[in-house]
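Asks: Take this structure first; my questions come after.
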2 protein chains.
Amino acid sequence: MESLNNRKSIRKYSSREVTDKLLNRLFSESEHTQTMGNLQLYSVVVTRSEEGKKKLAPAHFNQSMVTEAPVVLTICADFHRTSEWCNHRQAVPGYGNFLSFINASIDALLFTQTFCNLAEEEGLGYCYLGTTVYCPQMIIDALKLPQLVMPVATITLGWPAENPPVSDRLPLGAIVHQETYSDYSEADIDRLYSYKENLEESKHFVEINNKKNLAQVFTDIRYTKKDNELMSDGMIETLKKQGFKI
Amino acid sequence: MESLNNRKSIRKYSSREVTDKLLNRLFSESEHTQTMGNLQLYSVVVTRSEEGKKKLAPAHFNQSMVTEAPVVLTICADFHRTSEWCNHRQAVPGYGNFLSFINASIDALLFTQTFCNLAEEEGLGYCYLGTTVYCPQMIIDALKLPQLVMPVATITLGWPAENPPVSDRLPLGAIVHQETYSDYSEADIDRLYSYKENLEESKHFVEINNKKNLAQVFTDIRYTKKDNELMSDGMIETLKKQGFKI
């Protein structure tokens, strides 16, 4: 996976087709990802039609990749298929609960990331849309997802038509702990975030948002408490509607 | 990622060391995985000590890999570090909610899977422990995880000392949908699960568990409604204790 060290999110795609043959090979290979009890608690909805993409776009705040990418993949935590299997076998499924949603989400997300690693290696470009969990009901309606199916990840996919720079990352000391979690002093935080905070890109971000520092761009504009709480309520509501008791 | 097509969970490891140098290189490469707002909402606790592994083992139903693997990695959804960064920058973080837990879990799981794919490619063996979300409080106590940190994945890691067969997977038709979710008829279920149900391993499973079919092994023994509901309550309780409001 040499390609990984040069990984970046790709939001602009060429007109070159992503064939079903290639897509299915990548899906088949991704299926090797570990899964709970080998149940494969996920499914993927492939959207290629203009109409389908237009229906999905509002759920993703109308980001242009959704309508411009040749392929949009919505990966779902899926306990429906497994429950249907049980129902047809005189086995009584008990998966309408929070843990089962988490289990299925884990399966779906691990599958998604193997797919992303494979796509990257193939030379494809993709963008992971975190918006999937913000307004899940809109996606459920657009894709006609039944009970016990929840969208958890969206990938826009195509052949790259841009070459953005690789994003910065925190030093390893920020994310790796030995034996137990060692908490961060103020000096640790200063040291670990210094590179990121001093990037020209970060300074520009602070300036155009009229904030004092980068952290405030996140707390006051990009991911506010108010939005998070509103969308938390919405997501819990949707989970219940889909049959996952909380 | 040729290695992927031959992927299997490895539960027995040789005495060969997994060096810190190798581990850190794999972590660094895994950091390229996409992450929400480039916040990297995850952390990893590395357990190598006998004492540390013994503390973790009960949370994983004392599966032998936990104490026998040279390295155990617990990957956590982490909004603590980011919140500390905000706190030291006169930015008021608002991440003690359900959506933020989900966002951080997504980051943690995508990072985990890139790590797994890299480890596999390196020739390492690993086993993903789904038990991590079953009794998270025990892991929190063992690793001294602060508020806004939740364990979501555990990997036991080492050089393989076994070579089990590759697991079966469902045909692509079971997991891929075009444009909208197409529900499964009874005939679809029969067709899609037939290969799995007719494996010698599956038949053996049914027999030793004294059940009528494979689905019943899952519903009645491996993943029962009662256990799922009990552990759902436990997980929600733990999430609240860690500061994620539900």
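Asks: What about B:PHE61, is it more than 7 Å from every other protein chain (Cβ to nearest Cβ), surrounded by 23 or more Cβ atoms within 10 Å (Cβ to Cβ) and at pLDDT 95 or above?
Replies: Considered against the rule, which asks whether it is more than 7 Å from every other protein chain (Cβ to nearest Cβ), surrounded by 23 or more Cβ atoms within 10 Å (Cβ to Cβ) and at pLDDT 95 or above, B:PHE61 comes out as no.
Listed here are the residues, each with its yes/no results for (1) more than 7 Å from chain B (Cβ to nearest Cβ); (2) surrounded by fewer than 23 Cβ atoms within 10 Å (Cβ to Cβ); (3) assigned to a strand (DSSP E or B).
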site	(1), (2), (3)
A:ARG11	yes, yes, no
A:SER15	yes, yes, no
A:LEU26	yes, yes, no
A:GLU29	no, yes, no
A:LYS53	yes, yes, no
A:LEU99	no, yes, no
A:ASN117	no, no, no
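Asks: Now a separate question. In the range B:122-161, how many are outside any helix (DSSP H, G or I), crowded, with 18+ Cβ neighbours inside 10 Å and touching a Leu at 6+ places or on another chain (Cβ under 9 Å)?
Replies: 16
Asks: Quick check on my filter: what residues within the range B:234-246 are surrounded by fewer than 18 Cβ atoms within 10 Å (Cβ to Cβ) and at the interface with another protein chain (Cβ under 8 Å from one of its Cβ atoms)?
Replies: Within the range B:234-246, B:ILE236, B:LYS245, B:ILE246 meet the criteria.
Asks: I'd like the full set of residues that are within 27 Å of the chain's Cα centre (by Cα), surrounded by 14 or more Cβ atoms within 10 Å (Cβ to Cβ) and not in a loop (DSSP other than H, G, I, E, B), limited to the range A:172-188.
Replies: A:LEU172, A:ALA174, A:VAL176, A:HIS177
Asks: Across the range B:31-51, which residue is nearest to the chain's Cα centre (by Cα) among those that are facing another protein chain (nearest Cβ under 9 Å) and among the acidic types (Asp, Glu)?
Replies: B:GLU31
Asks: Given (1) in a helix (DSSP H, G or I); (2) of a type in the set (D, E, K, R); (3) within 20 Å of the chain's Cα centre (by Cα), identify the lone condition not met by B:LYS21.
Replies: With respect to (1) in a helix (DSSP H, G or I); (2) of a type in the set (D, E, K, R); (3) within 20 Å of the chain's Cα centre (by Cα), B:LYS21 is out only on (3).
Asks: Answer yes or no as to whether B:CYS86 is farther than 21 Å from A:ASP233 by Cα, free of Cβ contacts under 8 Å to residues at least 40 places away in the same chain and either at the interface with another protein chain (Cβ under 8 Å from one of its Cβ atoms) or under 14 Å from the mean Cα position of the chain (by Cα) (or both).
Replies: yes
Asks: While we're on this one: Go through the range B:101-115 residue by residue and tally those that are facing chain A (nearest Cβ under 7 Å) and farther than 12 Å from B:TYR42 by Cα.
Replies: 2
Asks: Among the residues of the range B:164-187, which ones are in contact with a Lys or Arg (Cβ under 9 Å, 6 or more places away or on another chain), more than 7 Å from chain A (Cβ to nearest Cβ) and farther than 24 Å from B:ASN5 by Cβ?
Replies: Residue satisfying the conditions is B:SER182 alone.
Asks: Still on this structure: So B:VAL217 ticks every box in (1) more than 8 Å from every other protein chain (Cβ to nearest Cβ); (2) farther than 20 Å from A:ASN103 by Cβ but one. Which box is left unticked?
Replies: If we test B:VAL217 against (1) more than 8 Å from every other protein chain (Cβ to nearest Cβ); (2) farther than 20 Å from A:ASN103 by Cβ, just (2) comes out false.
Asks: Also, I was wondering about something else. Checking B:SER194 against (1) among the polar types (S, T, N, Q); (2) more than 10 Å from chain A (Cβ to nearest Cβ); (3) in a helix (DSSP H, G or I); (4) crowded, with 19+ Cβ neighbours inside 10 Å, only one condition comes out false. Which one?
Replies: (4)
The values are calculated or read from the model by the stated rules, or taken from the named source; none is laboratory data. All figures in this text were calculated on a predicted structure; none of them were measured in a lab. Cβ atoms come from the backbone with ideal geometry, glycine included; neighbour counts cover every protein chain shown.
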